[in-house]
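Reviewing the structure listed below.
FYI, it's all coordinate maths here, none of it is from the lab. Computed from a predicted model, the values in this text were never measured in an experiment. When we count neighbours, we look across all protein chains shown, and the Cβ atoms used for this are built from the backbone with ideal geometry, even at glycine.
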Amino acid sequence: MTNKEKYKKAFSAVCPSDEFSLEVEKMKKINKQNIFKTVAASAAVCMIFMASATVAYAMDVGGIQRTVQLWIHGDRTDATIQFDGDGTYNMEYTDAEGNEKSMGGGGVAFADDGSAIPLSEEELMEELMAPDVEYKEDGSVWIYWMDQKIDITDKFENGFCYVKLVNGEETLYMTVRYKGGYATSNHRYLGPDEWRGN
Amino acid sequence: MKPSVEQLIEKYRNNLYVMAFNVCKNTQDAEDVVQDTFIQYWSQKKEFESEQHIRAWLIRVAINKAKNKNNTFFRRNSLPLEDYMQTLVFESEESSELFEAVMNLPEKYRIVIHLYYYEDYSVNEIAAILKLTQSNVKVRLSRGRLLLRNTLKEDWEYDE
């Protein structure tokens, strides 16, 4: 008997339990729940876009424009970003299929007295240029940063992954918690026991 | 081409389950992986070039989903391998020993060994599925075989 025959014979003992069913109707029901989640996420994106469309009116009378290279949905692309000075921005770019796209956003910081301070252009740029972690449909996990695209699917241990990112003189020590966000530092990795909420 | 999910369930259900179990070492997680893999197939618009393309895609997705299960914090309580093996019916003592030896291999060798010996994939095909280089697959295959040989002695033949 060959090794392949022996192997197949050994693993023929493994099979799903009797209770395990893969009924298509049940799968359709689960899939509907997934679609609902996707729709909910899209609705949120629309709200952000509408907010930025309103801001675009103000931008016509002034504002600062920059063209930078960004990772958007796993594609590195040139994006023209317009900052209007009140903590918001509007961005235009061409996606992988060649379609002109537009999106916007913004943010505020909170002062000690609780008042909101719109983020400056530099602070917004820092957010936009930060590493991005993508969980793809095929289960793979990727980091996008500057000109780098790194597959970290197999790098997780106990739910955490540690990646040193170097770009010129800048070094980022990045700790990624599986589907739980990430932390970066120029000096060291954040440990699991330091993770907020642990 | 995109055959119905019912056809694929009929054809690949067991193979995907064995593949997922090989990675997760947990029956419930393996069942979740199979379910999630077929849902992924069913819910996306991707068109496939051939039956082989579909099979390779399903296996790749199942492996990644199973690895993700291993990476999550909240893994289900699973039976120790020895206890799980008590629930299986092996045709011979030799089969039982081979199963245990494979399941005790490091994950990266175990997956490659399984794709080669169970799914009958070539080194090139395994490299494409796992997105590894051919030489990397050869090394993993060779080290996995060596570990099996060390454990199983003459019950595991030397092969290429």
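Details
- Per-peptide average of other Cβ atoms within 10 Å, ordering B:94-102, B:132-140 highest first: B:94-102, B:132-140
- Between B:Tyr158 and B:Glu100, the contour length at 0.36 nm per residue exceeds the Cα-Cα span by 19.0 nm.
- Equivalent-ellipsoid semi-axes for the range B:1-78 (Cα gyration tensor, √(5λ), whole Å, largest first): 23, 12, 10.
- Cα-Cα over 26 Å, subset of A:Lys155/B:Lys45; A:Lys4/B:Lys153; A:Lys8/A:Lys179; A:Lys6/B:Lys25: A:Lys155/B:Lys45; A:Lys8/A:Lys179
- Cross-link pairs exceeding 23 Å in C-alpha to C-alpha distance, out of A:Lys9/B:Lys69; A:Lys136/B:Lys46; B:Lys108/B:Lys131, comprise A:Lys9/B:Lys69.
- Computed as a quarter of the hull surface, the mean projected area of the alpha carbon convex hull for chain B stands at 10.2 nm².
- Straight-distance candidates among the aspartates and glutamates for linking to A:Lys149, with alpha-carbon spacing under 19 Å and chain neighbours fewer than 8 residues away dropped: A:Asp75, A:Asp78, A:Asp95, A:Glu126, A:Glu127, A:Asp132, A:Glu134, A:Glu137, A:Asp138, A:Glu169, A:Glu170.
- 0 to 90° range, to nearest 10: angle between helix B:51-71 axis and chain B longest Cα axis: 70
- For the range B:87-135, convex hull of alpha carbons as volume per residue, Å³: 94
- Other protein chain C-beta atoms within 10 Å of residue C-beta, averaged over B:117-124: 2.
- Using only alpha-carbon positions in the range A:130-198, the gyration tensor eigenvalues give semi-axes of 18, 17, 9 Å once each is multiplied by 5 and square-rooted (largest first).
- Taking a point 7 Å from the Cα of A:Lys136 along the Cα-to-Cβ direction, the residues of the range A:73-90 with backbone N closer than 14 Å to it are A:73-76.
- Candidates B:Asp32, B:Asp120, B:Asp83: whichever shows maximal mean-square fluctuation once chain B is modelled as a Gaussian network with Cα springs under 10 Å: B:Asp83
- For the range B:1-78, a crude dipole built from +1 on the beta carbon of Lys and Arg and -1 on the beta carbon of Asp and Glu, taken about the Cα centre, is about 300 debye to the nearest 20.
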